[in-house]
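Q: My questions all concern the structure below.
The values are calculated or read from the model by the stated rules, or taken from the named source; none is laboratory data. Remember, predicted model here, so these are calculated numbers, not experimental data. Note that we place each Cβ from the backbone using ideal geometry, even for glycine, and neighbour counts take in every protein chain shown. Side chains included, ligands, DNA and RNA excluded: accessible areas come from the protein's heavy atoms. Shrake-Rupley method; radii C 1.70, N 1.55, O 1.52, S 1.80 Å.
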Amino acid sequence: MSRSDDENDGQGTERVVIRDRRKIDVKGKGTTVAKESDEAAAGGAHRAAEEPEEEVAIAVTALGAELAALRTELDERTRDLQRVTAEYANYRKRVDRDRSAAAELTTGAVLTALLPVLDDVDRAREHGDLVGPFATVAEALGASVGKLGLVAFGEKGDPFDPTRHEAVAHLTSADVSEPTCVEVMRRGYLLGERLLRPALVAVADPA
């Protein structure tokens, strides 16, 4: 065995390492793979971008439908409120009108009961008996019924009004140009626009 062989045996077999820094480009294959990878990445990104847009569109559509439903319900509730408000206003007016009518009827009944007393006061005044304390009481009574809305009518010389006067006598006279009350036997009374009692009169027609 030679020395060279002994050296090889003593040091073992030397490993051979090849370092090549050149780039190997396999035409066609590498390009195709890279292109497909880029296309896949682009497609994934496109799909990822489309999915949020579709979700947003669906959400907007659902929100619009919900908003329309809410507006419809609001309109219905508004109409209901307006109807209830109008009904309540009409109810209040009707109640106020009925209350006023009832109060007027009650007042009219009380005043009607007092009319004979007022007739006695008128007769006493005509005969000159309305003096002293009786005159004070008569004045207080007249003021009280006046505050309640009682109005007396019926005076000599008034034009005859068949809606307010009750003629108990008719005569002719050259002194009048139209039917005229020439004598008042009993005064009439009004409560506001309501006739409580017509006046009893004698009427003179033109001759």
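Q: In region 141-188, what residues are at positive phi and in contact with a His (Cβ under 8 Å, 6 or more places away or on another chain)?
A: Gly154 - this is the single residue of region 141-188 that is at positive phi and in contact with a His (Cβ under 8 Å, 6 or more places away or on another chain).
Q: For region 197-206, what are the residues that are buried (at least 19 other Cβ atoms within 10 Å of the Cβ) and aliphatic (A, V, I, L, M)?
A: Those that are buried (at least 19 other Cβ atoms within 10 Å of the Cβ) and aliphatic (A, V, I, L, M): Ala199, Val201, Val203, Ala204.
Q: Can you name every residue in region 164-190 that is under 7 Å from Ala202 (Cα atoms) and open to solvent by 60 Å² or more (accessible area, probe 1.4 Å)?
A: Val168, His170, Glu183 - these are the residues of region 164-190 that are under 7 Å from Ala202 (Cα atoms) and open to solvent by 60 Å² or more (accessible area, probe 1.4 Å).
Q: Oh, and also: Kindly establish whether Glu66 is open to solvent by 80 Å² or more (accessible area, probe 1.4 Å), at pLDDT below 70 and not polar (S, T, N, Q).
A: Judged against the criteria, Glu66 is not a match.
Q: Please verify whether Glu104 is among the acidic types (Asp, Glu), surrounded by 10 or more Cβ atoms within 10 Å (Cβ to Cβ) and either modelled with pLDDT of 95 or more or farther than 30 Å from Leu150 by Cα (or both), treating the condition exactly as stated.
A: no
Q: Within region 129-142, is even one residue within 20 Å of Glu104 (Cβ to Cβ), open to solvent by 60 Å² or more (accessible area, probe 1.4 Å) and assigned to a loop (DSSP other than H, G, I, E, B)?
A: No, because not a single residue in region 129-142 is within 20 Å of Glu104 (Cβ to Cβ), open to solvent by 60 Å² or more (accessible area, probe 1.4 Å) and assigned to a loop (DSSP other than H, G, I, E, B).
Q: Next question, about the same structure. Do we find a residue being closer than 28 Å to Val201 by Cβ and among the polar types (S, T, N, Q) anywhere in region 152-163?
A: Taking every residue of region 152-163 in turn, at least one turns out to be closer than 28 Å to Val201 by Cβ and among the polar types (S, T, N, Q).
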